Amino acid sequence: SGITDKLQEALNTVHGGFAYLIMTEHEMIGALDPNGFRPLSLGRMTNGAYVLASETCALDVVGAERIRDIQPGEMIVIDDSGYRTQTYTSRTQLSICSMEYIYFARPDSDIYGVNVHSARKRMGARLAQESPVDADMVIGVPNSSLSAASGYSEEAGLPNEMGLIKNQYVARTFIQPTQALREQGVRMKLSAVKSVVKGKRIAVIDDSIVRGTTSKRIVQLLKEAGAAEVHMRISSPPLKYPCFYGIDISTTQELIAAKKSVEEIREFIGADSLAFLSVDGLIESIGLHA
């Protein structure tokens, strides 16, 4: 149709990461950027209707069966006759954003056939192999780090305890627009369980350190609650470079790992020790090409 031709032409002028959706009177059209930075999946409802979603968990919620993932540089057109796909560029390379597996996606989603919970659990297990610690228990920072914490605790042979409670009604602090709002959000978001952590040596598993705001507050919370030692273990590598493809990290100045060594970050957040997952550990844990 005329609109798909125009859209194909327009998409070739767009640079960056996107999962695109447009609806007309007679069609629903989806497209994915040439690098597949973001996921996009096709599903079918029990009544035969087709749906597109950026996470497969959304298909599960509405009772849709997953049909296929949209591929990099691909456009899908859905109308009364069904769906058809076409590529709008041949210059494609799958480069899914690892932050989808680390932080953004829900654990019950699958991205290119890899379950997010399973990938995070493997990250935690690999982190335990790379950076063990003499501790009494493992605590995951809720909610995005709980899968990695379960992997770490199993691999390390340590109990996995609920020592931090999350207020479910506070937005994700990482994507708050200002530092003041991020700090306020962290204060409101997390509370320590004193009876669990008092007098204990704790290995805290968190998915990432971006600006250091959350990590510093977590260490402070746990020590105020009586923890004897707080060892931070991060289930992703240090985030050192800006992202211009859909994450709110536009300058190196925002990234604590771009300006400080691991030891300097440890000192800033007040932890007794700090270690990150290696890049190889992350790649192998995600396992896209395994």
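Going residue by residue through segment 219-233, is there one that turns out to be at pLDDT below 95 and either closer than 24 Å to residue 129 by Cα or of a type in the set (Phe, Trp, Tyr) (or both)?
No, segment 219-233 has no match at all.
Looking for something assigned by TED's automatic domain parsing to the domain that holds residue 273, small (Gly, Ala, Ser) and within 24 Å of residue 212 (Cβ to Cβ) - is there at least one such residue anywhere in segment 109-122? Outline the logic, then answer.
Kept after step one, since they are assigned by TED's automatic domain parsing to the domain that holds residue 273, are these residues of segment 109-122: 109-122.
Those left that are additionally small (Gly, Ala, Ser): 109, 113, 118-119.
Add one more test, that the residue is within 24 Å of residue 212 (Cβ to Cβ), and what stays is none.
No, segment 109-122 has no match at all.
Among the residues of segment 122-156, how many are in a loop (DSSP other than H, G, I, E, B), at pLDDT 95 or above and among the polar types (S, T, N, Q)?
The initial filter retains those residues of segment 122-156 that are in a loop (DSSP other than H, G, I, E, B), namely 131-136, 141-145.
If we keep only those that are at pLDDT 95 or above as well, we get 131-136, 141, 145.
Next, from what is left, pick out any that are among the polar types (S, T, N, Q): 131, 145.
Residues flagged as in a loop (DSSP other than H, G, I, E, B), at pLDDT 95 or above and among the polar types (S, T, N, Q) within segment 122-156 amount to 2.
What are the residues in segment 19-37 that are surrounded by fewer than 22 Cβ atoms within 10 Å (Cβ to Cβ) and either in a strand (DSSP E or B) or in contact (Cβ under 8 Å) with a residue 40 or more places away in the chain (or both), if any?
Filtering segment 19-37 for residues surrounded by fewer than 22 Cβ atoms within 10 Å (Cβ to Cβ) gives 19-29, 35.
Residues satisfying the conditions are 19, 20, 21, 22, 23, 26, 27, 28, 29, 35.
The values are calculated or read from the model by the stated rules, or taken from the named source; none is laboratory data. No experiment lies behind these values; they were computed from the predicted model shown. Quick reminder, even Gly has a Cβ in these numbers, built from the backbone with ideal geometry, and neighbours come from all protein chains shown.
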